[in-house]
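The values are calculated or read from the model by the stated rules, or taken from the named source; none is laboratory data. Small disclaimer: the values here were computed from a predicted structure and weren't measured. Note that each Cβ is placed from the backbone with ideal geometry, even for glycine, and that neighbours are counted across all protein chains shown.
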């Protein structure tokens, strides 16, 4: 199990340039596999363009209480990048004016940002319709100061989206760390206890499934059925939807793919599963990602690869929806992760 | 000609079988696809059956494909190994049950 981030270990893949070089060379350079741009063109898509903004995704910091093997953020307790209240204030100004219906808070563990609750309260006042917090679940049990999070979420009608790689302890702990499964189960029970995830409840609790290895996720609705059945039978736990998300070949997952000699086979699988329908509705066409220091990206993955938006507006403090809309999306081979099979986005399947 | 009988890369070329007989190839792949669709059995159950049979027929391509397929479907190692033991039990049992024939013959021939 990983204990430290790639950054802390001074692993060369902690540098986004190294990752981008790796993705641009090898099987994509020698023509064995088509680059993402070539594949788009083959299927009649000249370029991906940003449409009207619907989802504003804000990464409030890379600090996390977990060090998951597959983390694309390279998050962990040793990451110190945290959004300041000043940057949050700049985000709030945008939230007040944007027509985006969803505010999506992610990290790291977003709850670990010392200004998290203040930010949620202020953003709630701005009247966003769907307010998502991507919670790793264990944070709720990690420290007494987080035990009341389910009630806090409920108070602001936050839509909780939580990671859960499997309904068994073995697979979950292997990916996310020892003890994560039992802590997650307890956290889900805490959320259920205040009404989250109960059938018919307005308090939405959705789970995210990431494969725990070098393979793609299976059909989302079939997986949802298995998850629901197992969690209800074994633990009396309810949740609403399961989002099956493909692991993108960047950061710690890329490091794992290379070290386990699965990189080429995984890229073959992604390219083979390319679905032009999914490509037409990838999340970057209606999402904007804001980093802890206020810079703008097409998605959280591009943020980690330090690929900024292709626009003269680069920072939340200069935000202008009209200028950003219609921009060309910045892509590389990692984008195959979002176009495989039924497609993959932070909001679940897209095709 | 390659130096080994099996090459993992050949699995990706399976569909090329149709190149030399398009009609039968396509019929086969249509049938194959239909077989694995959810019906009275779920796709998950069919995947486990396929994994077990792959071992019975000792097909390296099939083992490669259906191990990956099982992982994708969230099938656990424990479920996979139990399915294999079903396959092994039937295979072993198939040998052993013929022992009855042997015993019948012995009983017939011996005084």
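Looking only at segment A:197-210, decide whether some residue is touching a helix residue (DSSP H, G or I) at 6+ places or on another chain (Cβ under 7 Å), in a helix (DSSP H, G or I) and within 28 Å of residue B:43 (Cα to Cα). The answer is no, given that none of the residues of segment A:197-210 is touching a helix residue (DSSP H, G or I) at 6+ places or on another chain (Cβ under 7 Å), in a helix (DSSP H, G or I) and within 28 Å of residue B:43 (Cα to Cα).
Contact annotation: residue pairs with Cβ atoms under 8 Å, 6 or more positions apart or on different chains, pairing a residue in segment A:220-242 that is within 11 Å of chain B (Cβ to nearest Cβ) with a partner that is surrounded by fewer than 18 Cβ atoms within 10 Å (Cβ to Cβ) and in a helix (DSSP H, G or I), are A:222/B:43. Among the numbered criteria (1) within 14 Å of another protein chain (Cβ to nearest Cβ); (2) in contact (Cβ under 8 Å) with a residue 60 or more places away in the chain, which one does residue A:260 miss? Single failed check for residue A:260: (2). Helices (runs of 4 or more DSSP H) fully within segment B:31-111 that include at least 2 residues being buried (at least 16 other Cβ atoms within 10 Å of the Cβ): B:43-56, B:60-72, B:77-97.
Name the residues in segment A:243-254 that are touching a strand residue (DSSP E or B) at 6+ places or on another chain (Cβ under 8 Å) and within 13 Å of chain B (Cβ to nearest Cβ), would you? Explain how you work it out, then say what you get.
Narrowing segment A:243-254 to residues touching a strand residue (DSSP E or B) at 6+ places or on another chain (Cβ under 8 Å): A:243-246.
If the condition is that a residue be touching a strand residue (DSSP E or B) at 6+ places or on another chain (Cβ under 8 Å) and within 13 Å of chain B (Cβ to nearest Cβ), then A:244, A:246 are the ones that fit.
Only a single item in (1) more than 18 Å from the chain's Cα centre (by Cα); (2) part of a loop (DSSP other than H, G, I, E, B); (3) within 28 Å of residue B:71 (Cα to Cα) is not met by residue A:269, and it is number (2).
Identify all residues within segment A:193-206 that are closer than 19 Å to residue A:142 by Cβ and buried (at least 21 other Cβ atoms within 10 Å of the Cβ); write none if there are none. Steps first, answer last, please.
Taking segment A:193-206 and keeping what is closer than 19 Å to residue A:142 by Cβ, we get A:193-194, A:196, A:205.
A:196, A:205 - these are the residues of segment A:193-206 that are closer than 19 Å to residue A:142 by Cβ and buried (at least 21 other Cβ atoms within 10 Å of the Cβ).
Just wondering, is there one or more residues in segment A:39-49 that are within 30 Å of residue A:104 (Cα to Cα), surrounded by fewer than 16 Cβ atoms within 10 Å (Cβ to Cβ) and either within 22 Å of the chain's Cα centre (by Cα) or at pLDDT 95 or above (or both)? Looking for residues that are within 30 Å of residue A:104 (Cα to Cα), surrounded by fewer than 16 Cβ atoms within 10 Å (Cβ to Cβ) and either within 22 Å of the chain's Cα centre (by Cα) or at pLDDT 95 or above (or both), one finds at least one in segment A:39-49, hence yes. Each residue in segment B:1-30 was checked for being touching a residue at least 24 places away in the same chain (Cβ under 8 Å) and part of a helix (DSSP H, G or I), and 4 pass.
Taken over segment A:73-92, the criterion of being surrounded by fewer than 19 Cβ atoms within 10 Å (Cβ to Cβ), under 19 Å from the mean Cα position of the chain (by Cα) and over 9 Å from residue A:61 (Cα atoms) is satisfied by A:77 alone. Summed over segment A:264-291, the residues that are farther than 22 Å from residue A:343 by Cβ and buried (at least 17 other Cβ atoms within 10 Å of the Cβ) give a count of 2. Can you name every residue in segment B:1-49 that is under 24 Å from residue B:80 (Cβ atoms), away from every other protein chain (no Cβ under 14 Å) and touching a helix residue (DSSP H, G or I) at 6+ places or on another chain (Cβ under 9 Å)? Scanning segment B:1-49 gives B:6, B:35, B:49.
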